[in-house]
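The values are calculated or read from the model by the stated rules, or taken from the named source; none is laboratory data. Note that the structure is predicted; figures quoted are calculated from it, not measured. No Cβ is skipped: glycine too gets one built from the backbone with ideal geometry, and neighbour counts run over all protein chains shown. Areas reflect the complete protein model, heavy atoms only, side chains present, ligands, DNA and RNA absent. Shrake-Rupley method; radii C 1.70, N 1.55, O 1.52, S 1.80 Å.
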Amino acid sequence: MTIKTATLNGVATIEIARPEKKNAITGAMYTQLAAAFDAAREDDAVRAVLITGQPGIFTSGNDIDDFVKRPASLEEAPSFAFMKALMGCDKPVVAAVTGAAIGIGTTMLLHCDFVYVADEARLAMPFVSLGLVPEFGSSLIVPQLMGNARAAEKLLLGDPFSGADAVEFGIANAVLPASEVVKHARRVAERFNTLPPGAVRETKRLLRRHRAEALLETIRIEGQAFGARLQTPEAKEAFSAFFEKRKPDFSRF
Ligand code: COA
C-alpha cells in the first residue's frame with residue numbers, strides 16, 4: 001500500500017508510503033490521495049487532516065516514469081483530481097514535512113493551512129530542469145509569497161531551499177527536529193477538536209476566497225502548458241537522463 005490512511009482522535013492522517021522510490025507519486029497514488037481527502041471531508045468525525053511522508057522523505061514529486069503516461073487533458077490527469085480534492089478540503093490541512101519535498105511535494109504545501117518542516121528538509125520546484133513549467137498554482141502563489149526576485153530563483157533556476165527559508169517565505173510555520181515534526185503537526189491538528197467546526201470551515205473559506213478564481217484559472221493555464229511540455233524533446237531528454245542517472249544535455253535545443 002503506497003497511501004496509508006487512519007483516523008484517530010478527530011484527525012485523518014494521510015501518509016505517503018513508497019520509500020523505495022523516495023515517495024514518488026504515481027497516477028494511482030494521486031487517485032488514492034484524492035479519495036482520502038474526499039473521505040476526510042465527508043467524515044463528521046474528522047476535524048482536521050494531517051498529511052505526511054516517511055522519515056527523511058516527504059515526496060520526490062511526480063513519478064517521472066508516470067509523466068509519459070499522463071493524459072493530454074489536465075482534467076483527466078489523476079494529479080488534477082488530487083489538486084481539486086486538496087483545494088476543496090474545507091477542514092484544516094496540516095502538513096508534516098519529514099524530509100525532501102520536490103516538485104508537487106513543495107507546491108502542495110502552498111495549499112495546506114499549516115506546514116511543519118524537519119530541520120534537514122530541502123524543498124525544490126525543479127520543473128524547468130525537467131523541461132516542464134510550474135504547476136498547482138505555484139506560478140501565482142510563489143511570487144505573491146516571496147516576490148518576483150526569489151520566485152525566479154526557485155522557479156526559473158529551480159534552486160532548492162531549506163525549511164528555515166520556507167518559514168521566512170511564509171510557506172511553512174516552523175522548523176523542528178525531524179523526530180518532532182509529525183508529533184507537533186498532530187498536536188496542532190488535534191486542537192481543532194476543541195474549536196467549533198462551522199466557524200473553522202467558514203474562516204478557511206474566507207481566507208482563501210480572494211484568490212480562489214485566479215487560482216483555478218492559473219491551474220488550468222499551467223496545466224495546458226505542462227501537458228504540452230511533456231511532449232517536448234527537452235522534457236524527453238530530462239526524463240531519459242534521470243533514469244540513466246546522468247546529467248541532461250540541453251545544448252542542442
Ligand atoms: N520519479 C520516479 N522515480 C524516482 C523519483 C521520481 N520523482 N525520485 C526518486 N525515484 C527513484 C529513483 O529512480 C531510484 O530508483 P532505483 O532505486 O530503482 O534506481 C529511487 O527512487 C531512489 O532514488 P535516488 O535518486 O537514488 O535517491 P537519493 O536519496 O539519491 O535522492 C532525491 C533523492 C529525491 C533527491 C532524488 O531521487 C531526486 O531528485 N528525485 C527526482 C525529483 C524530481 O525531479 N521530481 C519531479 C519534480 S517535478
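Observations on the structure shown:
- Whether a residue is surrounded by 14 or more Cβ atoms within 10 Å (Cβ to Cβ) and at pLDDT below 95 was assessed, and R211 passes this test.
- Meets criteria (loosely packed, with under 13 Cβ neighbours inside 10 Å and in contact with a Ser or Thr (Cβ under 9 Å, 6 or more places away or on another chain)) for R252: no
- Applying the set (1) in contact (Cβ under 8 Å) with a residue 40 or more places away in the chain; (2) touching a Lys or Arg at 6+ places or on another chain (Cβ under 8 Å); (3) surrounded by fewer than 22 Cβ atoms within 10 Å (Cβ to Cβ) to A17 leaves exactly one unmet item: (1).
- Taking the stretch 1-34 as the range and being within 29 Å of T194 (Cβ to Cβ) and part of a loop (DSSP other than H, G, I, E, B) as the test, the residues that pass are N9, G10.
- Which listed residue, of F82, F67, is in contact with a Leu (Cβ under 7 Å, 6 or more places away or on another chain) and over 25 Å from R208 (Cα atoms): F67
- Matching residues, the stretch 185-208, being farther than 19 Å from V115 by Cβ and either among the polar types (S, T, N, Q) or open to solvent by less than 50 Å² (accessible area, probe 1.4 Å) (or both): N193, T194, G198
- Boolean, P134 is more than 9 Å from the ligand (Cβ to nearest atom) and over 13 Å from the mean Cα position of the chain (by Cα): no
- Check on V175, in a strand (DSSP E or B) and at pLDDT 95 or above: yes
- Criterion: touching a residue at least 60 places away in the same chain (Cβ under 8 Å), within 16 Å of the ligand (Cβ to nearest atom) and of a type outside the set (S, T, Y) - qualifying residue of F192, F226: F226
- Qualifying residue in the stretch 35-44 (condition: over 18 Å from A101 (Cα atoms), part of a helix (DSSP H, G or I), away from the ligand (no atom under 12 Å from the Cβ) and of a type in the set (K, R)): yes
- Count of the stretch 27-57 residues, restricted to those that are open to solvent by 60 Å² or more (accessible area, probe 1.4 Å) and in contact (Cβ under 8 Å) with a residue 60 or more places away in the chain, is 2.
- Taking the criterion of being crowded, with 18+ Cβ neighbours inside 10 Å and of a type in the set (A, V, I, L, M), the only residue of the stretch 216-229 that qualifies is I219.
- The stretch 109-124: number of residues that are touching a residue at least 40 places away in the same chain (Cβ under 8 Å), within 16 Å of the ligand (Cβ to nearest atom) and either under 11 Å from I51 (Cβ atoms) or under 12 Å from the mean Cα position of the chain (by Cα) (or both): 3
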